[in-house]
Amino acid sequence: MEAPIDYSVDQVERYFGDTEKMIKEIPGIKSVFYVQGYQGYSNKANIMVTLQPKAERKYSQEDIKKIARAKLKQLPGMKASAEDISLIGGGIRQVPIQYSIRGQDLSALQTYAKQTIAEFSKLPGIVDVDTSLEAGKPEFKVYIDRDKAADLGVDVATVAEAINLLIGGELDIARYKDEKKGKRYDIRVRLNPDDRESSDALQRIYVRARDGKLVELGNVVKVQEGTGPSVINRVDRQRAITIFANLEGKALGEAKNELDEIAGRILPADYLSKYQGMGQVMQESFVYLLFALLLGIIMAYMILAAQFESFIHPVTILLSMPLSFIGAFGALFITGKTLNIFSIIGLILLMGLVKKNAILLVDYTNVLRERGMSRREAILQAGPVRMRPILMTTFAMIFGMLPIAFAVGEGAETRAPMGIAVIGGLLTSLILTLVVVPAAYDVFDDWQEYFKKRRSKKEKKIG
(Lines give C-alpha, C1' and ligand atoms only; values in the text may rest on other atoms or scores of the structure.)
Protein backbone atom coordinates (compact mmCIF):
# COMPACT_ATOMS: atom_id res chain seq x y z
CA MET A 1 0.00 0.00 0.00
CA GLU A 2 1.13 3.56 -0.65
CA ALA A 3 -0.38 6.68 0.90
CA PRO A 4 -0.02 10.15 -0.65
CA ILE A 5 3.58 11.30 -0.39
CA ASP A 6 2.75 14.59 1.38
CA TYR A 7 1.11 12.85 4.38
CA SER A 8 2.86 13.09 7.73
CA VAL A 9 3.87 9.97 9.65
CA ASP A 10 0.86 10.32 11.98
CA GLN A 11 -1.53 10.76 9.05
CA VAL A 12 -0.09 7.71 7.32
CA GLU A 13 -0.41 5.65 10.50
CA ARG A 14 -4.11 6.53 10.85
CA TYR A 15 -4.64 5.93 7.13
CA PHE A 16 -3.13 2.44 7.24
CA GLY A 17 -4.91 1.67 10.51
CA ASP A 18 -8.27 2.26 8.80
CA THR A 19 -7.11 0.08 5.91
CA GLU A 20 -6.23 -2.74 8.30
CA LYS A 21 -9.72 -2.63 9.82
CA MET A 22 -11.27 -2.67 6.35
CA ILE A 23 -9.29 -5.77 5.32
CA LYS A 24 -10.20 -7.58 8.56
CA GLU A 25 -13.90 -7.30 7.65
CA ILE A 26 -13.46 -9.53 4.58
CA PRO A 27 -14.90 -13.03 5.24
CA GLY A 28 -12.36 -15.83 5.35
CA ILE A 29 -9.47 -13.82 6.81
CA LYS A 30 -7.92 -15.23 9.96
CA SER A 31 -5.40 -12.54 10.91
CA VAL A 32 -3.95 -9.28 9.59
CA PHE A 33 -0.91 -7.24 10.48
CA TYR A 34 0.94 -4.50 8.64
CA VAL A 35 4.45 -3.06 8.67
CA GLN A 36 4.77 0.66 8.02
CA GLY A 37 7.94 1.94 6.37
CA TYR A 38 7.98 -0.68 3.59
CA GLN A 39 11.06 -0.34 1.32
CA GLY A 40 12.28 2.51 3.52
CA TYR A 41 9.38 4.91 2.81
CA SER A 42 7.18 6.18 5.64
CA ASN A 43 4.17 6.43 3.31
CA LYS A 44 4.34 2.75 2.32
CA ALA A 45 3.17 -0.33 4.19
CA ASN A 46 2.98 -4.05 3.63
CA ILE A 47 -0.12 -5.86 4.96
CA MET A 48 0.31 -9.58 5.60
CA VAL A 49 -2.96 -11.54 5.55
CA THR A 50 -3.44 -15.09 6.83
CA LEU A 51 -6.47 -16.91 5.46
CA GLN A 52 -8.61 -19.46 7.22
CA PRO A 53 -8.16 -23.10 6.13
CA LYS A 54 -9.61 -23.77 2.70
CA ALA A 55 -12.38 -26.01 4.04
CA GLU A 56 -13.54 -23.36 6.54
CA ARG A 57 -13.96 -20.38 4.23
CA LYS A 58 -16.51 -19.54 1.57
CA TYR A 59 -14.28 -17.62 -0.82
CA SER A 60 -11.18 -18.75 -2.66
CA GLN A 61 -7.89 -16.89 -2.41
CA GLU A 62 -8.49 -15.18 -5.77
CA ASP A 63 -12.00 -14.10 -4.68
CA ILE A 64 -10.61 -12.55 -1.49
CA LYS A 65 -8.01 -10.66 -3.52
CA LYS A 66 -10.77 -9.26 -5.75
CA ILE A 67 -12.77 -8.11 -2.71
CA ALA A 68 -9.66 -6.50 -1.19
CA ARG A 69 -8.93 -4.61 -4.43
CA ALA A 70 -12.50 -3.30 -4.55
CA LYS A 71 -12.33 -2.08 -0.93
CA LEU A 72 -8.92 -0.44 -1.33
CA LYS A 73 -10.13 1.53 -4.36
CA GLN A 74 -12.61 3.30 -2.07
CA LEU A 75 -9.79 5.03 -0.17
CA PRO A 76 -8.86 8.42 -1.70
CA GLY A 77 -5.23 8.67 -2.79
CA MET A 78 -4.48 5.02 -2.05
CA LYS A 79 -2.21 3.02 -4.35
CA ALA A 80 -2.48 -0.67 -3.51
CA SER A 81 -2.20 -4.13 -4.97
CA ALA A 82 -3.18 -7.59 -3.72
CA GLU A 83 -0.21 -9.91 -4.22
CA ASP A 84 0.51 -13.55 -3.48
CA ILE A 85 3.64 -14.39 -1.54
CA SER A 86 5.98 -15.62 -4.26
CA LEU A 87 7.21 -19.21 -4.05
CA ILE A 88 10.21 -18.33 -6.19
CA GLY A 89 11.31 -14.85 -5.13
CA GLY A 90 13.41 -12.40 -7.06
CA GLY A 91 12.55 -8.97 -8.40
CA ILE A 92 11.34 -5.94 -6.47
CA ARG A 93 7.78 -6.94 -5.60
CA GLN A 94 5.76 -10.17 -5.36
CA VAL A 95 3.79 -9.65 -8.59
CA PRO A 96 4.27 -11.99 -11.58
CA ILE A 97 4.87 -9.18 -14.10
CA GLN A 98 7.96 -7.05 -13.39
CA TYR A 99 9.11 -5.45 -16.65
CA SER A 100 12.04 -3.02 -16.58
CA ILE A 101 12.52 -0.45 -19.35
CA ARG A 102 16.09 0.88 -19.51
CA GLY A 103 17.58 3.99 -21.08
CA GLN A 104 19.56 7.16 -20.38
CA ASP A 105 16.87 9.85 -20.63
CA LEU A 106 14.62 9.68 -17.56
CA SER A 107 11.88 11.89 -19.04
CA ALA A 108 11.75 9.70 -22.17
CA LEU A 109 11.59 6.61 -19.94
CA GLN A 110 8.59 8.11 -18.14
CA THR A 111 6.85 8.78 -21.46
CA TYR A 112 7.43 5.27 -22.80
CA ALA A 113 6.41 3.68 -19.49
CA LYS A 114 3.14 5.65 -19.40
CA GLN A 115 2.32 4.70 -22.99
CA THR A 116 3.05 1.04 -22.29
CA ILE A 117 0.94 1.05 -19.12
CA ALA A 118 -1.96 2.80 -20.87
CA GLU A 119 -2.23 -0.03 -23.43
CA PHE A 120 -1.28 -2.93 -21.17
CA SER A 121 -3.78 -2.03 -18.42
CA LYS A 122 -6.67 -2.16 -20.92
CA LEU A 123 -6.14 -5.88 -21.58
CA PRO A 124 -8.45 -8.35 -19.78
CA GLY A 125 -6.90 -10.16 -16.84
CA ILE A 126 -4.34 -7.41 -16.10
CA VAL A 127 -4.82 -5.73 -12.70
CA ASP A 128 -2.85 -3.67 -10.16
CA VAL A 129 -0.72 -2.00 -12.85
CA ASP A 130 1.92 0.28 -11.30
CA THR A 131 5.48 1.51 -11.86
CA SER A 132 8.59 1.96 -9.76
CA LEU A 133 8.57 5.69 -10.55
CA GLU A 134 7.81 7.51 -7.31
CA ALA A 135 5.73 10.66 -7.23
CA GLY A 136 7.90 13.75 -7.42
CA LYS A 137 8.51 15.64 -4.20
CA PRO A 138 8.27 19.46 -4.20
CA GLU A 139 11.76 20.94 -4.20
CA PHE A 140 13.73 24.14 -4.68
CA LYS A 141 16.43 24.12 -7.33
CA VAL A 142 19.16 26.61 -6.42
CA TYR A 143 21.50 27.77 -9.20
CA ILE A 144 24.56 29.72 -8.01
CA ASP A 145 25.83 32.53 -10.25
CA ARG A 146 29.55 31.99 -9.78
CA ASP A 147 30.53 35.27 -11.43
CA LYS A 148 28.32 37.35 -9.13
CA ALA A 149 29.43 35.34 -6.11
CA ALA A 150 33.08 35.98 -6.99
CA ASP A 151 32.43 39.73 -7.44
CA LEU A 152 30.76 39.93 -4.02
CA GLY A 153 33.42 37.78 -2.34
CA VAL A 154 31.07 34.90 -1.47
CA ASP A 155 32.37 31.33 -1.62
CA VAL A 156 30.20 28.69 -3.29
CA ALA A 157 30.84 26.38 -0.33
CA THR A 158 29.55 29.07 2.04
CA VAL A 159 26.29 29.32 0.09
CA ALA A 160 25.85 25.53 0.10
CA GLU A 161 26.56 25.25 3.83
CA ALA A 162 24.12 28.05 4.67
CA ILE A 163 21.31 26.47 2.66
CA ASN A 164 22.00 23.03 4.12
CA LEU A 165 22.05 24.32 7.70
CA LEU A 166 19.14 26.77 7.59
CA ILE A 167 16.80 24.84 5.28
CA GLY A 168 17.66 21.18 5.86
CA GLY A 169 18.87 21.44 9.44
CA GLU A 170 21.85 19.83 11.13
CA LEU A 171 21.32 16.26 12.40
CA ASP A 172 24.03 16.07 15.03
CA ILE A 173 23.12 19.06 17.20
CA ALA A 174 21.62 16.90 19.98
CA ARG A 175 19.32 13.95 20.68
CA TYR A 176 16.26 13.72 22.90
CA LYS A 177 15.18 10.45 24.48
CA ASP A 178 11.57 9.94 25.57
CA GLU A 179 11.83 7.55 28.53
CA LYS A 180 8.08 6.82 28.63
CA LYS A 181 7.74 5.85 24.97
CA GLY A 182 11.23 4.43 24.67
CA LYS A 183 11.98 6.51 21.58
CA ARG A 184 14.93 8.69 20.63
CA TYR A 185 14.61 11.81 18.48
CA ASP A 186 17.25 13.73 16.52
CA ILE A 187 17.12 17.48 17.14
CA ARG A 188 17.52 19.75 14.11
CA VAL A 189 18.11 23.47 14.13
CA ARG A 190 16.73 25.31 11.11
CA LEU A 191 14.61 28.30 10.12
CA ASN A 192 10.95 28.66 10.98
CA PRO A 193 8.59 27.29 8.28
CA ASP A 194 7.56 30.81 7.19
CA ASP A 195 11.21 31.66 6.52
CA ARG A 196 12.03 28.58 4.37
CA GLU A 197 8.89 27.42 2.53
CA SER A 198 8.95 29.86 -0.39
CA SER A 199 11.54 30.89 -2.95
CA ASP A 200 11.28 34.55 -1.87
CA ALA A 201 12.01 33.62 1.75
CA LEU A 202 14.96 31.53 0.61
CA GLN A 203 16.47 34.45 -1.29
CA ARG A 204 16.24 36.71 1.79
CA ILE A 205 18.76 34.55 3.67
CA TYR A 206 22.08 36.32 4.34
CA VAL A 207 25.52 34.77 3.92
CA ARG A 208 28.85 36.23 5.00
CA ALA A 209 31.38 37.29 2.38
CA ARG A 210 35.14 36.93 2.76
CA ASP A 211 35.45 40.53 3.95
CA GLY A 212 32.89 39.94 6.72
CA LYS A 213 29.97 41.73 5.07
CA LEU A 214 26.51 40.12 4.88
CA VAL A 215 25.21 39.45 1.37
CA GLU A 216 21.60 38.59 0.58
CA LEU A 217 21.34 35.17 -1.06
CA GLY A 218 19.11 36.53 -3.83
CA ASN A 219 22.09 38.50 -5.17
CA VAL A 220 24.12 35.38 -5.99
CA VAL A 221 21.57 32.61 -6.65
CA LYS A 222 18.54 31.88 -8.79
CA VAL A 223 15.79 29.76 -7.20
CA GLN A 224 13.25 27.69 -9.12
CA GLU A 225 10.38 25.65 -7.71
CA GLY A 226 9.78 22.20 -9.15
CA THR A 227 9.50 18.52 -8.46
CA GLY A 228 12.07 15.77 -8.67
CA PRO A 229 11.93 11.99 -8.53
CA SER A 230 12.15 10.50 -5.05
CA VAL A 231 14.49 7.81 -6.31
CA ILE A 232 16.14 6.90 -9.62
CA ASN A 233 16.29 3.15 -10.07
CA ARG A 234 18.96 1.45 -12.16
CA VAL A 235 19.11 -1.96 -13.81
CA ASP A 236 22.40 -3.15 -15.32
CA ARG A 237 23.88 0.32 -14.63
CA GLN A 238 21.21 2.07 -16.70
CA ARG A 239 18.32 4.24 -15.57
CA ALA A 240 15.20 2.11 -15.44
CA ILE A 241 11.50 2.23 -14.73
CA THR A 242 9.87 -1.07 -13.80
CA ILE A 243 6.25 -1.84 -14.68
CA PHE A 244 4.40 -4.04 -12.17
CA ALA A 245 1.17 -5.94 -12.83
CA ASN A 246 -0.91 -8.71 -11.30
CA LEU A 247 -2.78 -11.35 -13.26
CA GLU A 248 -6.41 -12.32 -12.81
CA GLY A 249 -7.33 -15.50 -14.68
CA LYS A 250 -4.56 -15.11 -17.25
CA ALA A 251 -1.44 -17.21 -17.81
CA LEU A 252 1.92 -15.55 -17.23
CA GLY A 253 3.21 -16.62 -20.65
CA GLU A 254 0.21 -15.07 -22.42
CA ALA A 255 0.59 -11.80 -20.49
CA LYS A 256 4.31 -11.68 -21.32
CA ASN A 257 3.62 -12.13 -25.03
CA GLU A 258 1.07 -9.30 -24.97
CA LEU A 259 3.43 -6.99 -23.08
CA ASP A 260 6.31 -7.80 -25.44
CA GLU A 261 4.11 -6.95 -28.41
CA ILE A 262 3.08 -3.59 -26.90
CA ALA A 263 6.63 -2.66 -25.86
CA GLY A 264 7.95 -3.65 -29.30
CA ARG A 265 5.71 -1.03 -30.88
CA ILE A 266 6.46 1.74 -28.38
CA LEU A 267 10.12 1.42 -27.39
CA PRO A 268 12.84 2.66 -29.79
CA ALA A 269 15.84 0.47 -30.55
CA ASP A 270 18.14 2.15 -28.00
CA TYR A 271 15.75 1.52 -25.09
CA LEU A 272 16.04 -2.02 -23.74
CA SER A 273 13.68 -4.14 -21.66
CA LYS A 274 14.16 -6.97 -19.20
CA TYR A 275 11.90 -9.17 -17.08
CA GLN A 276 12.57 -9.52 -13.38
CA GLY A 277 11.10 -11.65 -10.61
CA MET A 278 8.82 -14.51 -11.61
CA GLY A 279 8.98 -13.70 -15.33
CA GLN A 280 12.77 -13.86 -15.35
CA VAL A 281 12.82 -17.05 -13.27
CA MET A 282 10.28 -18.65 -15.61
CA GLN A 283 12.39 -17.85 -18.67
CA GLU A 284 15.52 -19.30 -17.11
CA SER A 285 13.71 -22.33 -15.68
CA PHE A 286 12.14 -23.20 -19.03
CA VAL A 287 15.55 -23.24 -20.69
CA TYR A 288 17.00 -25.50 -17.98
CA LEU A 289 13.99 -27.83 -17.96
CA LEU A 290 13.96 -28.19 -21.74
CA PHE A 291 17.68 -28.95 -21.61
CA ALA A 292 16.97 -31.60 -18.97
CA LEU A 293 14.23 -33.04 -21.21
CA LEU A 294 16.60 -33.26 -24.20
CA LEU A 295 19.41 -34.69 -22.09
CA GLY A 296 17.03 -37.31 -20.68
CA ILE A 297 16.07 -38.44 -24.19
CA ILE A 298 19.73 -38.76 -25.22
CA MET A 299 20.66 -40.69 -22.08
CA ALA A 300 17.64 -42.98 -22.46
CA TYR A 301 18.62 -43.78 -26.05
CA MET A 302 22.22 -44.58 -25.06
CA ILE A 303 21.15 -46.90 -22.21
CA LEU A 304 18.55 -48.69 -24.35
CA ALA A 305 21.02 -49.09 -27.21
CA ALA A 306 23.46 -50.77 -24.83
CA GLN A 307 20.74 -52.96 -23.31
CA PHE A 308 19.25 -54.20 -26.59
CA GLU A 309 22.54 -54.10 -28.53
CA SER A 310 20.75 -52.29 -31.33
CA PHE A 311 20.49 -48.74 -32.65
CA ILE A 312 16.99 -49.35 -34.06
CA HIS A 313 15.00 -50.82 -31.15
CA PRO A 314 15.66 -47.81 -28.83
CA VAL A 315 14.00 -45.60 -31.46
CA THR A 316 10.98 -47.91 -31.38
CA ILE A 317 10.78 -47.56 -27.61
CA LEU A 318 11.27 -43.78 -27.62
CA LEU A 319 8.30 -43.41 -29.99
CA SER A 320 6.10 -43.86 -26.93
CA MET A 321 7.25 -40.47 -25.61
CA PRO A 322 5.59 -38.21 -28.24
CA LEU A 323 2.48 -40.37 -27.88
CA SER A 324 2.39 -39.51 -24.18
CA PHE A 325 2.97 -35.80 -24.89
CA ILE A 326 -0.21 -35.77 -26.99
CA GLY A 327 -2.22 -36.81 -23.94
CA ALA A 328 -0.33 -34.51 -21.58
CA PHE A 329 -0.95 -31.38 -23.66
CA GLY A 330 -4.53 -32.44 -24.34
CA ALA A 331 -5.25 -32.92 -20.63
CA LEU A 332 -3.77 -29.51 -19.81
CA PHE A 333 -5.90 -27.90 -22.52
CA ILE A 334 -9.13 -29.61 -21.44
CA THR A 335 -8.65 -28.68 -17.77
CA GLY A 336 -7.61 -25.10 -18.58
CA LYS A 337 -4.14 -25.45 -17.05
CA THR A 338 -1.04 -23.82 -18.49
CA LEU A 339 2.35 -25.08 -19.55
CA ASN A 340 4.38 -23.98 -16.52
CA ILE A 341 7.32 -25.24 -14.50
CA PHE A 342 5.28 -27.95 -12.77
CA SER A 343 3.74 -29.26 -16.00
CA ILE A 344 7.19 -29.49 -17.61
CA ILE A 345 8.39 -31.45 -14.57
CA GLY A 346 5.44 -33.74 -15.27
CA LEU A 347 6.65 -34.19 -18.87
CA ILE A 348 10.12 -35.13 -17.64
CA LEU A 349 8.50 -37.59 -15.24
CA LEU A 350 6.54 -39.06 -18.15
CA MET A 351 9.79 -39.82 -19.98
CA GLY A 352 10.68 -42.45 -17.43
CA LEU A 353 7.17 -43.82 -16.97
CA VAL A 354 5.93 -44.37 -20.52
CA LYS A 355 9.11 -46.01 -21.83
CA LYS A 356 8.44 -48.89 -19.45
CA ASN A 357 5.43 -50.10 -21.47
CA ALA A 358 7.35 -50.08 -24.73
CA ILE A 359 10.33 -51.81 -23.12
CA LEU A 360 8.07 -54.64 -21.92
CA LEU A 361 6.71 -55.16 -25.43
CA VAL A 362 10.01 -54.94 -27.30
CA ASP A 363 11.92 -57.04 -24.79
CA TYR A 364 9.37 -59.86 -24.77
CA THR A 365 9.13 -59.78 -28.58
CA ASN A 366 12.90 -60.27 -28.78
CA VAL A 367 12.71 -63.14 -26.28
CA LEU A 368 10.05 -64.92 -28.35
CA ARG A 369 12.09 -64.47 -31.54
CA GLU A 370 15.13 -65.97 -29.82
CA ARG A 371 12.96 -69.00 -29.00
CA GLY A 372 12.39 -69.55 -32.71
CA MET A 373 9.18 -67.66 -33.45
CA SER A 374 8.83 -65.53 -36.56
CA ARG A 375 8.76 -61.78 -36.15
CA ARG A 376 5.04 -61.44 -36.89
CA GLU A 377 4.05 -64.24 -34.50
CA ALA A 378 6.28 -62.82 -31.75
CA ILE A 379 4.68 -59.38 -32.11
CA LEU A 380 1.14 -60.78 -32.03
CA GLN A 381 1.84 -62.90 -28.94
CA ALA A 382 3.83 -60.26 -26.99
CA GLY A 383 0.93 -57.78 -26.96
CA PRO A 384 -1.68 -59.92 -25.14
CA VAL A 385 0.90 -61.43 -22.77
CA ARG A 386 2.28 -58.04 -21.69
CA MET A 387 -1.14 -56.37 -21.56
CA ARG A 388 -1.77 -57.31 -17.92
CA PRO A 389 1.47 -55.95 -16.38
CA ILE A 390 1.18 -52.82 -18.54
CA LEU A 391 -2.39 -52.16 -17.33
CA MET A 392 -1.51 -52.86 -13.70
CA THR A 393 1.51 -50.56 -13.54
CA THR A 394 -0.09 -47.78 -15.62
CA PHE A 395 -3.28 -47.60 -13.55
CA ALA A 396 -1.27 -47.80 -10.33
CA MET A 397 0.65 -44.69 -11.42
CA ILE A 398 -2.54 -42.93 -12.54
CA PHE A 399 -4.25 -43.53 -9.19
CA GLY A 400 -1.11 -42.35 -7.44
CA MET A 401 -1.29 -39.06 -9.35
CA LEU A 402 -5.00 -38.41 -8.71
CA PRO A 403 -4.51 -36.56 -5.38
CA ILE A 404 -2.04 -34.21 -7.08
CA ALA A 405 -4.31 -33.67 -10.10
CA PHE A 406 -7.38 -32.97 -7.91
CA ALA A 407 -5.32 -30.53 -5.78
CA VAL A 408 -6.03 -32.26 -2.49
CA GLY A 409 -4.61 -30.28 0.43
CA GLU A 410 -3.58 -26.70 1.16
CA GLY A 411 -1.76 -24.98 -1.70
CA ALA A 412 -1.97 -28.08 -3.91
CA GLU A 413 -3.39 -26.06 -6.83
CA THR A 414 0.16 -25.11 -7.77
CA ARG A 415 1.17 -28.73 -8.34
CA ALA A 416 -2.04 -29.78 -10.10
CA PRO A 417 -0.69 -29.27 -13.68
CA MET A 418 2.03 -31.83 -12.99
CA GLY A 419 -0.48 -34.52 -12.01
CA ILE A 420 -2.81 -33.67 -14.90
CA ALA A 421 0.03 -33.85 -17.44
CA VAL A 422 1.21 -37.21 -16.11
CA ILE A 423 -2.29 -38.75 -16.07
CA GLY A 424 -3.11 -37.53 -19.59
CA GLY A 425 0.21 -38.77 -20.92
CA LEU A 426 -0.14 -42.19 -19.30
CA LEU A 427 -3.66 -42.71 -20.69
CA THR A 428 -2.76 -41.92 -24.30
CA SER A 429 0.50 -43.82 -24.00
CA LEU A 430 -1.35 -46.87 -22.68
CA ILE A 431 -3.73 -46.92 -25.64
CA LEU A 432 -1.38 -45.90 -28.45
CA THR A 433 1.71 -47.80 -27.30
CA LEU A 434 -0.05 -51.15 -27.73
CA VAL A 435 -0.81 -50.21 -31.35
CA VAL A 436 2.03 -47.99 -32.54
CA VAL A 437 5.03 -49.71 -30.93
CA PRO A 438 4.35 -53.19 -32.46
CA ALA A 439 3.78 -51.58 -35.88
CA ALA A 440 6.94 -49.49 -35.55
CA TYR A 441 8.87 -52.57 -34.43
CA ASP A 442 7.79 -54.37 -37.60
CA VAL A 443 8.75 -51.44 -39.87
CA PHE A 444 12.08 -50.67 -38.20
CA ASP A 445 13.04 -54.34 -38.17
CA ASP A 446 12.52 -54.41 -41.95
CA TRP A 447 14.83 -51.43 -42.24
CA GLN A 448 17.38 -53.12 -40.03
CA GLU A 449 17.31 -56.26 -42.21
CA TYR A 450 17.62 -54.13 -45.34
CA PHE A 451 20.72 -52.31 -44.06
CA LYS A 452 22.25 -55.59 -42.89
CA LYS A 453 21.84 -57.09 -46.37
CA ARG A 454 23.39 -54.04 -48.02
CA ARG A 455 26.33 -54.11 -45.64
CA SER A 456 26.89 -57.83 -46.21
CA LYS A 457 26.84 -57.32 -50.00
CA LYS A 458 29.47 -54.58 -49.70
CA GLU A 459 31.65 -56.80 -47.53
CA LYS A 460 31.43 -59.64 -50.09
CA LYS A 461 32.45 -57.30 -52.90
CA ILE A 462 35.41 -56.00 -50.90
CA GLY A 463 36.42 -59.57 -49.99
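The values are calculated or read from the model by the stated rules, or taken from the named source; none is laboratory data. Fair warning: this is a prediction, and the values are worked out from it, not measured in the lab. Glycine also receives a Cβ, built like all others from the backbone with ideal geometry; neighbour counts cover every protein chain displayed.
Go over the candidates ARG204, ARG175, ARG210 one by one and state the one that is loosely packed, with under 11 Cβ neighbours inside 10 Å, of a type outside the set (S, T, N, Q), within 18 Å of LYS148 (Cβ to Cβ) and over 42 Å from the mean Cα position of the chain (by Cα).
Only one candidate qualifies: ARG210.
Identify all residues within the range 286-313 that are without any contact (Cβ under 8 Å) to a residue 24 or more places away in the chain, under 22 Å from GLY346 (Cα atoms) and not hydrophobic (A, V, I, L, M, F, W, C); write none if there are none.
The answer is TYR288, TYR301.
So that you can scan it fast, the table gives a plain yes or no per residue for (1) more than 30 Å from SER60 (Cα to Cα); (2) touching a Ser or Thr at 6+ places or on another chain (Cβ under 8 Å):
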{"position": "GLY327", "(1), (2)": "no, yes"}
{"position": "LEU347", "(1), (2)": "no, no"}
{"position": "GLY425", "(1), (2)": "no, yes"}
{"position": "SER429", "(1), (2)": "yes, yes"}
{"position": "VAL437", "(1), (2)": "yes, yes"}
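Which of the helices (runs of 4 or more DSSP H) contained wholly in the range 303-383 include at least 3 residues that are farther than 20 Å from ILE398 by Cβ and assigned by TED's automatic domain parsing to the domain that holds ASP442?
313-318, 341-370
Restricting attention to the range 49-58, does a residue exist that is at pLDDT 85 or above, over 30 Å from VAL408 (Cβ atoms) and of a type outside the set (A, V, I, L, M)?
For the range 49-58, residues at pLDDT 85 or above, over 30 Å from VAL408 (Cβ atoms) and of a type outside the set (A, V, I, L, M): absent.
Go through the residues of the range 426-434 one by one and say whether even a single one is in contact with a Phe, Trp or Tyr (Cβ under 7 Å, 6 or more places away or on another chain), in the same structural domain as VAL385 (by TED's automatic domain parsing), in a helix (DSSP H, G or I) and surrounded by fewer than 17 Cβ atoms within 10 Å (Cβ to Cβ).
No.
In the list LYS141, LYS148, which residue meets the criterion of being within 30 Å of LEU109 (Cα to Cα) and modelled with pLDDT of 80 or more?
LYS141
How many residues does the range 389-415 hold that are crowded, with 19+ Cβ neighbours inside 10 Å and touching a Lys or Arg at 6+ places or on another chain (Cβ under 7 Å)?
Qualifying residue count for the region: 1.
If a residue must be more than 28 Å from PRO4 (Cβ to Cβ) and not small (Gly, Ala, Ser), how many such residues does the range 15-63 contain?
Of the residues in the range 15-63, 14 are more than 28 Å from PRO4 (Cβ to Cβ) and not small (Gly, Ala, Ser).
Within the range 66-81, which residues are in contact (Cβ under 8 Å) with a residue 60 or more places away in the chain and closer than 19 Å to ARG14 by Cβ?
LEU72, LEU75, GLY77, MET78, LYS79, ALA80 - these are the residues of the range 66-81 that are in contact (Cβ under 8 Å) with a residue 60 or more places away in the chain and closer than 19 Å to ARG14 by Cβ.
How many of the residues making up the range 54-80 are over 26 Å from SER132 (Cβ atoms) and either of a type in the set (A, V, I, L, M, F, W, C) or more than 26 Å from the chain's Cα centre (by Cα) (or both)?
Final tally of qualifying residues: 6.
For the range 1-58, how many residues are touching a residue at least 40 places away in the same chain (Cβ under 8 Å), part of a loop (DSSP other than H, G, I, E, B) and among the polar types (S, T, N, Q)?
Count: 1.
Taking into account only those residues within the range 1-31 that are in contact with a helix residue (DSSP H, G or I) (Cβ under 9 Å, 6 or more places away or on another chain) and acidic (Asp, Glu), which is surrounded by the fewest Cβ atoms within 10 Å (Cβ to Cβ)?
GLU25
GLY296: in a helix (DSSP H, G or I) and buried (at least 18 other Cβ atoms within 10 Å of the Cβ), yes or no?
no
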